[in-house]
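Undergrad: Here it is, the structure, as structure tokens.
The values are calculated or read from the model by the stated rules, or taken from the named source; none is laboratory data. Model, not experiment: these values are computed from the prediction. All Cβ positions, glycine included, derive from the backbone under ideal geometry; neighbour counts span all protein chains shown. Accessible surface is based on the protein model in full, side chains and every heavy atom, while ligands, DNA and RNA are left aside. Shrake-Rupley method; radii C 1.70, N 1.55, O 1.52, S 1.80 Å.
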Amino acid sequence: MADPDNNGAPRAGGALDWTELLARFERLSQERDEKAALALLDRRTRELAEPEAGEAAAAQVEMIAFGRGDWRYAVPVEHAQAVAPLRHVLTLPGVDELHVGVMAHDGLLYAIVDPAALCEHGVAAGSAPAFAILLRHATQSIGLAADAVFGVMRVDAALLNRTAPHYALVAAILPGGEHVLSPDDIGRNVRLVVDHRQHDGTLN
């Protein structure tokens, strides 16, 4: 007989209880199967979590952050053609403070505009910008003047869905104070249309 206090093992000198021994093996087999099932479930859980992490990363948008005066701005990297030093700028007569001037880059002429003036933010008089964020736009060649370029930052795309009703050209204001400018709205702004054609002084 098996000793119930000895986990199914036979007493010394006693007969082997095959029924109890087979039952013990069955219990061990079930425990092993349960552990394997739990391990499989844990692995599948981690595998399913990986696409969610990828989707979370895809939900972030890269922005170029820059400053003009005491204000911080940002534009999506996908809408930026280049960041260039602001050199050899041709100023335009008869335009308001919004227009810094025109500069050439890679064979194209860009109208450089002041983002602070676009957003009606105050900038100290005579403050000359040092850089231009050249935008990629279907119909306009426009650059944004900057005193400093802070680099590329990643922001949650959900933050860009928040509207900034007081600023027509601002898509959102980030927690760090960066005003996200909308290149599409900037390109549609009639104040930025500059007629570069030569005139003879007469009106048609």
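Undergrad: Give me the accessible area of Thr139, 1.4 Å probe, in Å² rounded to the nearest 10.
TA: Rounded to the nearest 10, that gives 110 Å².
Undergrad: Also: What full-extension length gain, to one decimal in nm, is calculated for Thr19 and Ala157 as 0.36 nm per residue of separation minus the Cα-Cα distance?
TA: 43.2 nm
Undergrad: Here is a follow-up. If DNA, RNA and ligands are ignored and the probe is 1.4 Å, what is the ranking of Val123, Val113 by accessible area, most exposed first?
TA: My answer, sorted largest first, is Val123, Val113.
Undergrad: For segment 91-161, which whole percent of the accessible surface, found with a 1.4 angstrom probe, sits on carbon and sulfur atoms?
TA: The computed percentage sits at 53.
Undergrad: Please give, to one decimal in nm, the separation of the simple spin-label points placed at Gln60 and Arg27, each 7 Å out from Cα toward the Cβ.
TA: 5.2
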